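Data block below; observations after.
Coordinate-derived values only; no laboratory data. Treat the numbers as computed from the prediction; the structure is a model and nothing was measured. Cβ placement follows ideal geometry from the backbone for every residue including glycine, while neighbour counts extend to all protein chains displayed.
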Amino acid sequence: MHTPRSLAPLFAVAALAPLVIIPSLAADKPSSPKKADHKPSDGPGITVNPHPHERGDAAAGKNVFRFETFGNEGFWTDAARMPKGMADAKLTPKQALEAGLQVDIDAIDLAMREAMAKELKTDMSPANAPMLHDPMVTVKLIEANAVAGIVPVDTNGDGKIEITPAGPDKVGISCAICHTVTDKSVFELPGAGSIGKRIDGLAATTLNVGKLLAVAANSPAVAYGADRSWRNSGWLTTGLPTPSCVSSKVPTG
């Protein structure tokens with residue numbers, strides 16, 4: 001399998017943005033605003049805010065931010081075929097970190113956490129860090145919801161997650177892929193990804209979106225989907241490269 005070359009950063013960012021919907025968190029129905037009892041005056045004369053701030057459900061909002069895909073797992077699994085591309089490319093945890101992905105240490109089971117911590121203290125060569133070079137460990141991390149923004153979805157509703165190419169479940173993308181980092185308390189790869197406790201909301205400035213998109217088994221689907229999304233939004237007038245153009249530049253087989 002010839003792994004596609006990285007797409008241009010500008011195209012990559014433009015491609016990913018419209019495919020992840022930024023959620024609007026609904027607050028409870030606001031109560032009637034309170035108004036101060038005062039007589040008209042030359043000054044404000046208001047001691048009570050007539051537009052009080054309404055708080056929504058913070059826990060639900062965090063869950064949406066981290067794990068809501070808005071159904072895009074159909075695109076990433078069936079059209080772009082990201083899980084198949086990852087399997088074909090034999091994407092390892094070390095390569096995932098090199099692409100700028102963030103790993104949530106709290107989502108990893110204790111046994112894997114301890115084994116990974118030992119390997120991270122070595123030179124991380126295949127001989128001394130076999131887990132970090134095992135593509136199936138990448139799958140396990142995603143299935144555990146430990147890779148920020150790459151979300152496994154229980155598509156068949158059996159209560160289990162299995163996203164291997166032969167598995168029934170799919171993988172989607174959430175807002176967190178671009179807007180979550182970790183505290184780097186376990187490991188940091190300079191200029192790339194890290195392992196630690198999640199910090200929501202901060203920009204993942206080291207994320208190599210082009211490198212990740214190029215791993216997909218059908219990268220041209222991203223160009224086609226982004227072109228349609230941006231054209232429909234009215235934000236683009238010239239459009240992105242057509243799938244046929246991208247296919248001529250990025251091998252898919």
Find how much the distance from A111 to A144 grows on full extension, using 0.36 nm per residue of separation minus their present alpha carbon separation; answer in nm with one decimal. 10.6 nm
H53 paired with E162, simple spin-label distance in nm, labels 7 Å along Cα-to-beta-carbon: 4.8 nm
Once you place label points 7 Å from the Cα toward the Cβ at M124 and K62, how far apart are they in nm? 2.8 nm
